[in-house]
Amino acid sequence: MPRWLPRRLLRRSLLARILVVHALGIAASAFVTLGTADLVLQVRGRIIEHHVLREQAAGILNGLSLDNAQAVRVDYARTPLSEAGGGLFVFAVLDAQGRMRLQGNDPLSQRFAHLRRAQRVRFLTLRRYPPTLATIVEPIVLSGQPFWLVVGWNLSAPGVIFDNILDGYLRYATLVTFLMLLLLLGIDLAVVRGAMRPMLGVIEAVRLSNRSGDAWRLSLDGLPDEIMPLAGAYNDALNRTEAAYRLQREFVGDAAHELRTPLAVLRARLETLPNDPSRRMLLSDVGVMTRIVAQLLEIASLERLVIDADAAADPAAVCATVVEALAPMAIAAGCELGLTVAVPPPPGLRIRDQELFQVVRNLVENAINHTRDGTGIDVRVEADGMVVVQDDGPGIPPELHEAVFERFWRRDRRDRSGAGLGLAIVQRIVATHGGTIALASADGAGCRFSVRLQQAP
């Protein structure tokens, strides 16, 4: 590809590649065709010029003679020329020394002086000074003495239509070819866009699938033969990926479910031990494990989450339940947990109570587990139903705001208080219900999570 073309455009756009390659092919073909045609016309024009000049030279030769004084004479009555001159053709006769022994009445014949002579016919084109003269230099013999007859054809005269056509052919043909090239490129663009429309439909289907989070299969109906194998391979890969993901999800759910009972039994047995530091440490570890198992179960249940269009959760009541349930945990961690509800009561939200409970509980647990003693945690319900969980803890740097919502992400990998699943669960629930969650925080300035969900009808 030419270096002056944008490499990024050619690398990313199939349509641009097709159009550029086609344009270069058409342009190369057009210029080769034009050059060949121009060469053929020029050669044919030279053949015609030579033929006409030979006829004129033969006609002038009929009227030439050498008198007794060795002077060259011309009888215009026996030639195709006019004695007055001023026609398309001019002539002169040169001797062996290059002297002009005879010339026509046209001053253009002065340009024939000192032309190189040869023993064969020569054709020249004199362009140095206007007008342009197509010239023949032919050796002749008059009364046994050698001379050279020079005949010139004024190609710049208005009457020479053929040569004017030759001179303007390449210019006008190039203009016409350029316009035809633009037209062909427009046709190419329409044809290629039409041919690529099925591919654009496939792209749109994949985009909608990504946007909705569902694994849509591509319909093979109406696809061209060139695209159908790609769509079929995509569907096959999607089937295999979905099957593997389903097995993984079922394994996580089953494993987490099976771990709940042993952990509950372990906690019950630990609580029967004497109250010493080892018992408290073991109970804390079991609590972390229990919380991780509960979050794994939540993730497994989210994969089968069904949206209830008629759901109408009361954000004030749900947040009050969360604060009440997590108050002992906050007290044990040395945090102050509070609830603020706007007046009048906020509207209901289009989400079920248990799912909103999961959202708020995970946000509050995250604040408790990742703040120091004495941190204040405030749960607020705004007048429009937006739920805000804010703390005055250490905060999160702006460059990590996106990472905190990834599964199993922890700022400190040595922190064993959780598995880094809480915020990922929150984001998945909120996004599934068409809501948004925003984080406002700076390092050392606390965190503010704002959850906005659709209001119930």
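The values are calculated or read from the model by the stated rules, or taken from the named source; none is laboratory data. In this text the structure is predicted, and so the values were computed from the model without any measurement. Backbone-built Cβ (ideal geometry, glycine too); neighbour counts: all protein chains shown.
Just a few scattered comments:
Results for (1) surrounded by 13 or more Cβ atoms within 10 Å (Cβ to Cβ); (2) of a type outside the set (A, V, I, L, M); (3) on the phi < 0 side of the Ramachandran plot; (4) assigned by TED's automatic domain parsing to the domain that holds SER156, shown as yes or no for each residue.
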position: GLY59; (1), (2), (3), (4): yes, yes, yes, yes
position: ALA69; (1), (2), (3), (4): no, no, yes, yes
position: VAL93; (1), (2), (3), (4): yes, no, yes, yes
position: GLN103; (1), (2), (3), (4): yes, yes, yes, yes
position: HIS114; (1), (2), (3), (4): no, yes, no, yes
position: ALA118; (1), (2), (3), (4): no, no, yes, yes
position: ALA134; (1), (2), (3), (4): yes, no, yes, yes
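- For segment 319-365, the tally of residues that are free of Cβ contacts under 8 Å to residues at least 60 places away in the same chain and polar (S, T, N, Q) stands at 3.
- For segment 237-261, the set of residues classified as loosely packed, with under 11 Cβ neighbours inside 10 Å and either modelled with pLDDT of 70 or more or over 30 Å from ARG291 (Cβ atoms) (or both) consists of ALA237, ARG240, ALA243, ALA244, listed by residue number.
- Segment 23-44: number of residues that are under 30 Å from ARG122 (Cα atoms) and without any contact (Cβ under 8 Å) to a residue 12 or more places away in the chain: 6
- Scanning segment 422-440 for residues that are of a type in the set (Val, Ile, Thr) and either modelled with pLDDT under 85 or closer than 17 Å to ARG352 by Cβ (or both) returns ILE425, VAL426, ILE429, VAL430, THR432.
- A Cβ distance below 6 Å, combined with a sequence gap of six or more or placement on separate chains, defines the contacts here; from segment 45-73, residues that are in contact (Cβ under 8 Å) with a residue 40 or more places away in the chain reach residues that are part of a helix (DSSP H, G or I) and surrounded by 16 or more Cβ atoms within 10 Å (Cβ to Cβ) in the pairs GLY45/LEU166.
- For beta carbons closer than 9 Å, sequence separation of 6+ or different chains, a first residue in segment 107-124 that is within 16 Å of ARG54 (Cα to Cα) and free of Cβ contacts under 8 Å to residues at least 24 places away in the same chain and a second that is of a type in the set (A, V, I, L, M, F, W, C) and in a loop (DSSP other than H, G, I, E, B), the qualifying pairs are ARG122/LEU115; LEU124/LEU115.
- Of the residues contained in segment 372-387, none is found to be without any contact (Cβ under 8 Å) to a residue 12 or more places away in the chain and farther than 27 Å from ASP314 by Cα.
- The one condition from (1) assigned to a strand (DSSP E or B); (2) surrounded by fewer than 20 Cβ atoms within 10 Å (Cβ to Cβ) that GLU55 does not meet is (1).
- Candidates VAL359, VAL404 - the one that is of a type in the set (A, V, I, L, M, F, W, C), modelled with pLDDT under 85 and in the same structural domain as ARG428 (by TED's automatic domain parsing): VAL404
- Flag: GLY348 matches the condition of being at pLDDT 80 or above and not assigned by TED's automatic domain parsing to the domain that holds MET289.
- Scanning segment 130-147 for residues that are closer than 26 Å to ILE47 by Cβ and part of a strand (DSSP E or B) turns up LEU133, ALA134, THR135, ILE136, VAL137, GLU138, PRO139, ILE140.
- Put simply, of VAL151, VAL176, VAL191, VAL160 the only residue that is hydrophobic (A, V, I, L, M, F, W, C), over 51 Å from the mean Cα position of the chain (by Cα) and modelled with pLDDT under 75 is VAL160.
- Considering segment 312-351, and only residues there that are surrounded by fewer than 20 Cβ atoms within 10 Å (Cβ to Cβ) and among the charged types (D, E, K, R), the residue that is farthest from ASP384 (Cα to Cα) turns out to be GLU336.
- The residue list ASP391, ASP378, ASP373 contains one member that is surrounded by fewer than 22 Cβ atoms within 10 Å (Cβ to Cβ), touching a strand residue (DSSP E or B) at 6+ places or on another chain (Cβ under 9 Å) and acidic (Asp, Glu), which is ASP378.
- Matching residues, segment 441-457, being at pLDDT 80 or above and hydrophobic (A, V, I, L, M, F, W, C): CYS447, PHE449, VAL451, LEU453, ALA456
- If you go through segment 63-114 and keep only what is of a type in the set (D, E, K, R) and assigned to a helix (DSSP H, G or I), you end up with ARG78, ARG111.
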